[in-house]
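J.: Below is the structure I would like to discuss, written out as structure tokens.
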Amino acid sequence: MTAAIAWYTAPVIESVWNYKPLTAEQVAEREQSVHYSGCNEARADGAAPIYRGQPGYREEMDGDGDGIACEPHRGY
């Protein structure tokens, strides 16, 4: 069983060791790879909430500027 665990975790560990953060250009490209006309469309597609850096995120859809677009409405 130990050999199986080592074999299974090796790709995960390798990907963590080789992690390189995305550049600002890569983040912008990823965000623009999907376009929603608004939050209703994103919710209907099952994509909401959308976090900064994820496909479909736009600052215009992030009303409070916290990096989360189309977040659920909070009832205070």
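J.: Run the quick spin-label model on D66 and D45: label points 7 Å from Cα toward the beta carbon, then report their separation in nm to one decimal.
T.: Spacing of the two 7 Å Cα→Cβ label points: 2.3 nm.
J.: How charged is the neighbourhood of A24? Take every other residue with its Cβ under 12 Å from the Cβ of A24, and add Lys/Arg as +1 and Asp/Glu as -1.
T.: Around A24, the surrounding residues sum to -1.
J.: Follow-up question, since we're still on this one. Given points 7 Å out from each Cα along the Cα-Cβ axis, report the Q54 to K20 separation in nanometres with one decimal.
T.: 2.6
J.: Could you give the semi-axes, largest first, of the ellipsoid that matches segment 36-76, computed as the square roots of 5 times the alpha carbon gyration tensor eigenvalues and rounded to whole Å?
T.: Semi-axes (√(5λ), whole Å): 15, 13, 8.
Since every read-out is calculated from the coordinates, none of them should be taken as a lab result. Please read all numbers here as calculations on a predicted model, not as lab measurements. Backbone-built Cβ (ideal geometry, glycine too); neighbour counts: all protein chains shown.
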